[in-house]
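Input: a single structure, listed below in structure tokens.
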Amino acid sequence: MVLNAITNRKSVRLYSDRIVSDEDIKSILNCGVMAPSWVNVQPWQFIVVKNQDHKEILSQAAGGQKQVSNASAVICCVADMSAWEADKFAKIMEKQGRNSQTIEYILSSTMLNPSLLGEYETLLRTVEQMSYAIGYMTLRAEELGIGCCIIGAVANELTLKDKNGFASVKEMLGLNDKQVLLSMLTLGYEKEIMPVRKSRKEFDEVVSLEKLGSKF
């Protein structure tokens with residue numbers, strides 16, 4: 001059940017030598033592919049990295065986090081802003097059966113098409129869309145009994161950390177200027193089973209009714 005996966009999910013950073021099968025990796029990826037996105041634009045690319053040398057490079061890009069280099073596999077989650085380009089965006093809507101008038105309306109609306117507002121706004125919307133896919137994949141990993149850790153602290157265009165470093169990572173992954181390595185998911189089997197400890201704010205601290213601060 002999804003609720004069990006949500007309740008039991010935790011960040012796993014220490015892995016055994018057991019290899020995660022390609023079949024399970026594909027199952028996790030398919031959940032990312034099936035995630036919802038605005039007008040089904042699907043502004044993402046997922047790159048599986050298993051080569052040890054490449055995992056070491058990704059580890060360095062993540063500030064030396066060992067779980068990256070020690071994972072059985074790493075899924076590089078790439079925000080693909082080129083998905084919002086008019087020709088690609090229109091083609092997706094055509095496949096959905098939308099008529100030309102509707103397509104033109106969406107493409108010309110600053111509310112519906114962030115690429116009209118600029119690169120920063122497009123990246124923000126793309127990050128929003130990517131969060132759904134990343135969440136889906138982590139829950140599928142939990143269902144399969146595979147340890148997973150979301151690596152968001154990575155040298156990229158958002159953190160502006162080590163520009164030369166993230167340029168070389170982009171080259172290694174084959175990314176263009178409109179594609180950003182947003183985060184990574186490390187996958188592996190937990191070396192030593194640790195209890196789940198979740199520290200969360202109280203329900204009423206983050207949930208309101210009608211107006212912020214009004215108890216639900």
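The values are calculated or read from the model by the stated rules, or taken from the named source; none is laboratory data. Note that this is a predicted model, so its numbers are computed, not measured. Cβ: placed from backbone, ideal geometry, glycine included. Neighbour counts: every protein chain shown.
Details
- Boolean, residue 86 is small (Gly, Ala, Ser), in contact with a helix residue (DSSP H, G or I) (Cβ under 9 Å, 6 or more places away or on another chain), over 30 Å from residue 13 (Cβ atoms) and surrounded by 15 or more Cβ atoms within 10 Å (Cβ to Cβ): no
- Exactly one residue out of 115, 109 is of a type in the set (Ser, Thr, Tyr) and exposed (fewer than 13 other Cβ atoms within 10 Å of the Cβ): that is 109.
- Every residue from the range 135-158 that is β-branched (Val, Ile, Thr), modelled with pLDDT of 95 or more and touching a helix residue (DSSP H, G or I) at 6+ places or on another chain (Cβ under 7 Å): 146, 150, 151
- Subset of the range 48-73 [polar (S, T, N, Q) and buried (at least 21 other Cβ atoms within 10 Å of the Cβ)]: 59, 67, 72
- Residue satisfying all of: in the range 161-216; among the hydroxyl-bearing types (Ser, Thr, Tyr) and outside any helix (DSSP H, G or I); surrounded by the fewest Cβ atoms within 10 Å (Cβ to Cβ) among these: 199
- Unmet requirement for residue 74, which otherwise passes all of (1) touching a His at 6+ places or on another chain (Cβ under 9 Å); (2) modelled with pLDDT under 95: (2)
- Selection of the range 20-45 for residues being more than 18 Å from residue 184 (Cβ to Cβ) and in a loop (DSSP other than H, G, I, E, B) yields 21, 34, 36, 37, 41, 42.
- Matching residues in the range 108-127 - criterion: being within 23 Å of residue 32 (Cβ to Cβ) and without any contact (Cβ under 8 Å) to a residue 24 or more places away in the chain: 124
- Hey, residue 126 among the polar types (S, T, N, Q), assigned to a helix (DSSP H, G or I) and in contact with a Cys (Cβ under 9 Å, 6 or more places away or on another chain) or not: no
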